[in-house]
Structures are given as C-alpha cells and as structure tokens.
1. Taking the Cα centre of the chain as origin and charging only Cβ (+1 Lys, Arg; -1 Asp, Glu), how large is the dipole, in debye to the nearest 20?
2. Could you work out what % of the accessible surface of the chain is carbon and sulfur, using a 1.4 angstrom probe and leaving DNA, RNA and ligands out of the count?
3. Let's test the formula: R0 of 30 Å, r as the Cβ-Cβ distance of Ser149 and Asp80. What FRET efficiency results, to the nearest 0.05?
4. Expressed as a rounded percentage, what relative contact order does the chain have, with Cα pairs under 8 Å and six or more residues apart?
5. Taking R0 as 22 Å, what's the FRET efficiency between Ala18 and Arg120 from their Cβ-Cβ distance, rounded to 0.05?
6. By how many nm would the segment from Arg40 to Arg132 grow when fully extended, if each residue of separation counts as 0.36 nm and the alpha-carbon distance is taken off?
7. Accessible surface of Asp49 in the full protein assembly, 1.4 angstrom probe, to the nearest 10 Å²?
8. For the chain, what is the mean residue ellipticity at 222 nm derived from helices alone (per DSSP H run of n ≥ 4: -39500 (n - 2.57); sum divided by total residues; nearest 500 deg cm²/dmol)?
Amino acid sequence: MRTVELLCSAELDATVRAAWDRLAETGLPSLARNTHATNRPHLTLAAVDEFPPGAQERLADLFDAALPLRARVDRVAVLDGSAPLVWLIRATPELLALHGAVWDVLAGAPGAQPWHLPGRWVPHLSLALRFRAADRRRARAVIGGDRPSGEFVAARSFDSDPRSVTPLSGC
C-alpha cells in the first residue's frame, strides 16, 4: 500500500509527540511505543495499492504549490473501525481542496482505501491505535484541552511493503 501524507511543522510535531509520551507514561496505548524510523505525526490524505504512472511527480508539483498549509487542530476523539485515538483536524476549504486534488491525481489507482476518499475522509493526527472507549475520558485528561496550532509543511508517501518513505515535497 502507498499513502500520501502531510507532515507537521516542528512545533506541531513536538506537540503531538509530547501527547504520545504523556499517554505512554500513564500506561495508555500510544504511538510513542512505535519505534520504527518512519513513525512520525502525519495527516494521511490517501492510501492506494500503487500509484498510477506519473502520479508521484504530479503530487510533488501539487504539494510544492500548496504547502505550507495551516493546521487547525480540534478535539480529541476515538474513531470507528480500529478505534484509533486521534486529534481531529478541521476540514478547512484549503485542506479539502488539497485532498480533492490528491484524489484527482490518484484517479483510477487500484486499491483505494474507502475511508480516505472525498466525502468519507476524517482528517486527523493519530495518537494511539486500538484504543478502548473506556479509556477515552482518561486520555482526554492526560492530553488536555489545548488545541495546538501549526502547519503542514511537507509531504511524503509511505510504502508499506518495504516500510519506507519517499519525499513528495519539503522533506
């Protein structure tokens, strides 16, 4: 699987990592425990089995024109499905336009993951995976009610087969 991801500014990256650390320190699930070199705070825009021909170059051009992009962080939530604990990102008109443009580039790509498609996508920064609803209140207290700010400043693609990343812009 290939993803298209936005990467956080240093300030926002540090804030998310601090939340990961606070969750881990209190014994709650946390992405701080994922020590793989590619693990870092990011916003996934798309996931497909493989990129269509020329998509990587078109995505790079798209991100070079669109970034940096203001990140407007909202509340902490637990999503359905695999129950990740996340910081929701406000779906601003600029972010939605970029998301739609990414999917225009990926049109016809095999294996498009439906939860990332326009109209179904919930923009978020992941804090923990497989989170229990019973721990939601405690996690919100640990993370706090702050609404951090920052920008998305770079883009990359993660390839799950070799577990490697390819810079798309600003990396």
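1. Values: 20 positive and 19 negative charges, 182 e Å.
Here the chain has a charge dipole of around 880 debye.
2. Values: 4220 of 8480 Å².
Carbon and sulfur atoms account for 50 percent of the accessible area of the chain.
3. Details: r = 27 Å, r/R0 = 0.90.
Computed FRET efficiency for Ser149 and Asp80: 0.65.
4. Numbers: 313 pairs, mean separation 64.9, N = 171.
Relative contact order comes out at 38 percent.
5. Numbers: r = 30 Å, r/R0 = 1.37.
In this case the efficiency is close to 0.15.
6. The span from Arg40 to Arg132 would gain 30.9 nm if fully extended.
7. Approximately 80 Å² for this residue.
8. Values: 4 runs with 49 residues, N = 171.
It lands at -9000 deg cm²/dmol.
The values are calculated or read from the model by the stated rules, or taken from the named source; none is laboratory data. Only a predicted model underlies this, so the values are computations on that prediction, with no experimental measurement involved. No Cβ is skipped: glycine too gets one built from the backbone with ideal geometry, and neighbour counts run over all protein chains shown. Please note that ligands, DNA and RNA were not included when accessible areas were found on the heavy atoms of the full protein model with its side chains. Shrake-Rupley method; radii C 1.70, N 1.55, O 1.52, S 1.80 Å.
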